[in-house]
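Shown next, in structure tokens, is the structure this report addresses.
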Amino acid sequence: LNGSRVVWEHPKGRSAAYNISVMASNTVGAHIIWFTVKVKLSYSAYVHPTPSNSYTRPSLLRLSGKAVKNELDGSIAPIDEEVDIVLRMAVNDLTQVIPLTTNEKGEFSTLYLAGNAGLHEMGAFHPGDTSISTQQSFQVVGMDIAPVKAQVSGLTTEVHTFQLSVTNPSDITMRDMSAYFQYVTGVSVLELKLGNQTLAPKASTYISVSLNASEPIATTTKVSLYAWAGNTPAFQSSLVQLSIRKPKSSLRVGSRRVTFKAVRETQRYLKVTLYNDGNSISTPVSITIPQGFFFTLVAPAHPFTVPPGGSQVVTFMAYPEESNPFGTYTANIKFSDADSYSIVRVDAQVSSSTLVNLTVLVEDEYTYFAPGRLGVANAT
């Protein structure tokens, strides 16, 4: 290969060197040589420092910078055309790549929403530059609260306690921390406790809240956290979904349909078990028996209540009068209170216990052997 010349037209610039092999061969054999070639990027870019090195979140920042030509002798020169660059922003192990285009002077500017707390490290580069380096940095202070939306549900008779975790993802210590619960009519905060008033970088603590409600509530409020990071105030909040309801009873009969045998002029008893599947004691239970139905309440004494999760056996007496015709009588007996009701259908079959004597007289007008006799073998 001595004295030979290899031409590589339009090589693409990049930060890493190319490893190149050249082989010459003929019918006798071949020869390979290896070498590296560094192809410089035709231009590079840099980002300007931000006006401050500390911001609260969220902050909308304007980031700017410039692209410059790379000369062969290692110097740089102003650029006089539009070029593409990428802006890399790294925070908390996450990297965001923002593609941009400069103006005809090589200048770029963009808005950036700093929503994550922590150290933000940034740099501007040629799109083909795979190197990762930090050109400028700034802090965004704030706390991470989890969950971002807490769910609190239950009854007005209960004390509700929930906890939020608080993390300081930034590299600055949070001090003079304080927490507040946004006021809601009818809600009393029994305790609001913050685990620590100072939070070191990357450390965690908690907010514990205990409350109750005097009336049913379905609304969204929030818990807010305030702190100082150096001379910069920090603020964060978590939404709290309140769904607190009044306890209610829920009446249910054990059997929704009953078949009962009743006898005229005779006392017979029907027992129905009434359950309360709710979370509150029932108000006095009302029992409705259709007019004309021959059932009366015997026990328990009326009015009565049923405890939550409990039951009550209700006894009725059936006494059909002599005037009640035989047959089946159907009626719905209703149990109700202020919150709920339940119905049992009663099918009562009325009969009689009276005994009678029945005499059947069969007469044969002919003798057994008379011609043309009418036999009684199949008489009805």
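The values are calculated or read from the model by the stated rules, or taken from the named source; none is laboratory data. Everything numeric in this text was worked out from a predicted model, so none of it was measured. As a convention, Cβ positions derive from the backbone with ideal geometry for all residues, glycine included, and neighbour counts pool all protein chains shown. Note: accessible area is taken over every heavy atom of the protein model, side chains too, but ligands, DNA and RNA are not part of it. Shrake-Rupley method; radii C 1.70, N 1.55, O 1.52, S 1.80 Å.
Tell me, what % of the accessible area of the chain is carbon and sulfur with a 1.4 angstrom probe?
Carbon with sulfur: 51 percent of the solvent-accessible area.
Over the chain, average the accessible area per residue using a 1.4 Å probe and give it in Å², no decimals. Please list the in-between numbers first.
Values: 22950 Å² over 380 residues.
It amounts to 60 Å² per residue over the chain.
Cα convex hull of the stretch 91-156: mean projected area in nm², to one decimal?
Numbers: hull surface 29.4 nm².
Average of the hull's projected areas for the stretch 91-156 equals 7.3 nm².
Compute the distance from the alpha-carbon center of the stretch 205-268 to that of the stretch 27-106, in whole Å.
Distance between centres, Cα-based: 57 Å.
Output the pairs from Lys69/Lys202; Lys149/Lys246; Lys246/Lys334 with a Cα-Cα distance over 31 Å in this structure; if there are none, say none.
Details: Lys69/Lys202 41 Å; Lys149/Lys246 23 Å; Lys246/Lys334 24 Å.
Exceeds cut-off: Lys69/Lys202.
For a protection proxy built on the mean count of beta-carbon atoms within 10 angstrom, sort 249-255, 118-124, 321-327 highest first, please. Provide the component values of the computation, followed by the final result.
Details: 249-255: 17.4, 118-124: 21.4, 321-327: 9.6.
Put in order of decreasing packing, that is 118-124, 249-255, 321-327.
Rank Ile287, Ile33, Ile145 by mean-square fluctuation in a GNM of the chain with C-alpha springs under 10 angstrom and give only the top-ranked residue.
Maximum fluctuation in the GNM of the chain, among the listed residues, is at Ile33.
Among rounded, prolate and oblate, which fits the stretch 52-203 when a ≥ b ≥ c are the square roots of the eigenvalues of its C-alpha gyration tensor, a/c under 1.5 means rounded, and a/b larger than b/c means prolate? The partial results should precede the final answer.
Values: a/c = 3.79, a/b = 3.01, b/c = 1.26.
Because a/c hits 1.5 or more and a/b exceeds b/c, the stretch 52-203 counts as prolate.
Name the most mobile residue of Leu270, Leu225, Leu211, meaning the one with the largest mean-square fluctuation, in a Gaussian network model of the chain with Cα contacts below 10 Å.
Taking springs between Cα atoms under 10 Å, the residue moving most is Leu270.
Enumerate the amide H contacts of Thr283 below 5 Å, restricted to partners 5 or more residues apart or on another chain; note that Pro and chain-start residues carry no placed amide H.
Counting only residues 5 or more places away or on other chains, the set is Ala338, Asp339.
Dividing the convex hull volume of the alpha carbon atoms of the chain by its residue count, what do you get in Å³ per residue?
Roughly 428 Å³ of hull volume per residue.
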